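Structure first, commentary second.
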């Protein structure tokens, strides 16, 4: 195989792998995926970015081991995956992928692209339920306790 062929992306753009071999580095592959977002990814990202959900920082197209996940809250160890129609016939691969991520300590939530497009609020509610209150970041300016801030010592 020529050196040029190593850096060519998968013809199917499938998770950075072709017949068991990585076509390019996971970092380069993730960068390309960020440039080629699906409509579902774009819609969900608009609601997750800039700590818009419970103050949790999410990143998109994050390499974890040999895989690239759609969205990841690194501090909370939460992965959110959007699955298109091709995932209906790739259940064994997805199960293996999920098992790997869980072995790394991540919780994995999977949604269909249709959910992201037609029920974004419901998806966000499910993600928020998964994030326990201890997962959210503390407010930089907490509310004063009773009696504080009233000029009393």
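Read-outs: derived from the displayed coordinates by stated rules, not from any lab. None of these values were measured; they are calculated from a predicted model. Cβ sites come from the backbone with ideal geometry, for glycine too, and all protein chains shown count toward neighbours.
Here are the numbers for this structure:
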read-out: DSSP beta bridge pairing in segment 37-130, given as percent antiparallel to the nearest 5; value: 55
read-out: Chain lengthening between residue 77 and residue 114 when straightened (0.36 nm per residue, less Cα-Cα); value: 10.9 nm
read-out: Added length on full extension, which subtracts the Cα-Cα distance from 0.36 nm per residue, residue 121 to residue 37; value: 28.3 nm
read-out: Scattering curve values for segment 37-130, log₁₀ I(q)/I(0), Debye with Cα scatterers, q = 0.23 Å⁻¹; value: -1.32
read-out: Residue 128/residue 92 FRET efficiency (R0 30 Å; Cβ-Cβ; nearest 0.05); value: 0.50
